[in-house]
Amino acid sequence: MKHKKGDKISGWLVIDKPAGMGSTQVVSQTRRLLNANKNGHCGTLDPFATGVLPVAFGEATKLIPYVTDGDKEYEFLLKFGEATDTLDCDGKIIKTNSKIPTLAEIESVLPQFVGEITQVPPAYSAIKINGQRAYDLVRKGQNVDVPARKVRIHSIKILERPQENLLRCLVGCSKGTYIRTLGADIAAKLGTVGHLQALRRTKCGNFDLSEKILLENLKNMEYVEERQKVLLPVITCLRDIADIAVTEADAAKLRLGQGLSPRAYQVFHLLGQEVVATCNGALVAVVRIDEGRISPVRVFNFN
């Protein structure tokens, strides 16, 4: 993620990832296009998937967990009647079923998937098994036993049924949710099989498609400086977190990793929370408010 060469720039790009490209490829291309010395992405998207892929540069990389731990939203197209080994359109068909559920049947089972559910992630996934990626083990011909996990589905909304065997839905969910698995599980509950024909992430943490930029648009910008100007501020991903303004002296202490006394600030209603500390409008740190101390959690240095 960090390289010796490149400019020390900080901020975010919300890339609308195209199909057929891996998330790490997006990181490499954007690092080169912006001549950045350090960047990384939030929340891997499968190669066949498209949509919101936040890429952090410089000091913003310290905030990647705040984005990856956030809720996600996806639009998916589920095809009934065919199961694939990868649970998506990139895989081989391994099972068929002639049953195509009615709209009434679909509407009756979807509520069963809202709330906390248990999923078994697909074997073709980036989950690590004994230190190795599950998909690497599968490609080597090994049997992979992926442990079940609990995730939360906030909502599922039917968007359209473009064909009898196709269903397009919008789902809001917690981190760690595999939409490929969700699609296959919905089909199984309806007494048939299915796989995802398309998957598009529309939200990732605080980022959504309204802030997107296409890789092609970046490439079409003639100068590196022009590309760097499209970076969103580092603080963008923290816009739903409370903000306290600290003095220059206290900002200096936070940057050195020192704590502050909460008595100088009206923060007792924020006890137990992480908030943003700014000085003269500039981001200084993410801090935790405890009864007797304001402690730095992430400190930023833009020099």
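Quick check on my filter: what residues within region 34-48 are under 22 Å from Asp208 (Cβ atoms), not hydroxyl-bearing (Ser, Thr, Tyr) and not in a strand (DSSP E or B)? Leu34, Cys42, Gly43, Leu45, Asp46, Pro47, Phe48 - these are the residues of region 34-48 that are under 22 Å from Asp208 (Cβ atoms), not hydroxyl-bearing (Ser, Thr, Tyr) and not in a strand (DSSP E or B).
Residue by residue, here is whether (1) surrounded by fewer than 16 Cβ atoms within 10 Å (Cβ to Cβ); (2) at positive phi holds:
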position	(1), (2)
Gly6	no, yes
Met21	no, no
Leu33	no, no
His41	no, no
Thr44	yes, no
Phe48	no, no
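In this structure, Leu231 qualifies as under 30 Å from Pro18 (Cα atoms) and crowded, with 19+ Cβ neighbours inside 10 Å. Would you check if Ile294 is under 29 Å from Leu45 (Cα atoms) and either at pLDDT 95 or above or surrounded by 13 or more Cβ atoms within 10 Å (Cβ to Cβ) (or both)? In short, no. Taking region 252-303 as the range and being of a type in the set (D, E, K, R) and within 21 Å of Ile9 (Cβ to Cβ) as the test, the residues that pass are Arg255, Arg298.
Every residue, every condition in (1) under 18 Å from Tyr178 (Cβ atoms); (2) surrounded by 15 or more Cβ atoms within 10 Å (Cβ to Cβ); (3) touching a Leu at 6+ places or on another chain (Cβ under 9 Å), yes or no:
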position: Trp12; (1), (2), (3): no, yes, yes
position: Asn37; (1), (2), (3): no, yes, no
position: Thr68; (1), (2), (3): yes, yes, no
position: Lys95; (1), (2), (3): no, no, no
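Can you pull out every residue in region 49-104 that is under 26 Å from Gly191 (Cα atoms), touching a Gly at 6+ places or on another chain (Cβ under 9 Å) and either without any contact (Cβ under 8 Å) to a residue 24 or more places away in the chain or assigned to a loop (DSSP other than H, G, I, E, B) (or both)? Of everything in region 49-104, those that are under 26 Å from Gly191 (Cα atoms), touching a Gly at 6+ places or on another chain (Cβ under 9 Å) and either without any contact (Cβ under 8 Å) to a residue 24 or more places away in the chain or assigned to a loop (DSSP other than H, G, I, E, B) (or both) turn out to be Gly81, Asp85, Leu87, Asn97, Ser98, Lys99, Ile100, Pro101. Checking the stated criteria, Leu214 turns out not to satisfy the condition of being touching a Ser or Thr at 6+ places or on another chain (Cβ under 8 Å) and modelled with pLDDT of 95 or more. Taking region 71-86 as the range and being buried (at least 19 other Cβ atoms within 10 Å of the Cβ) and modelled with pLDDT under 95 as the test, only Thr86 passes.
The values are calculated or read from the model by the stated rules, or taken from the named source; none is laboratory data. Everything numeric here is computed off the predicted structure, so don't read it as measured data. Please note: Cβ atoms are built from the backbone with ideal geometry, for glycine as well, and neighbour counts cover all protein chains shown.
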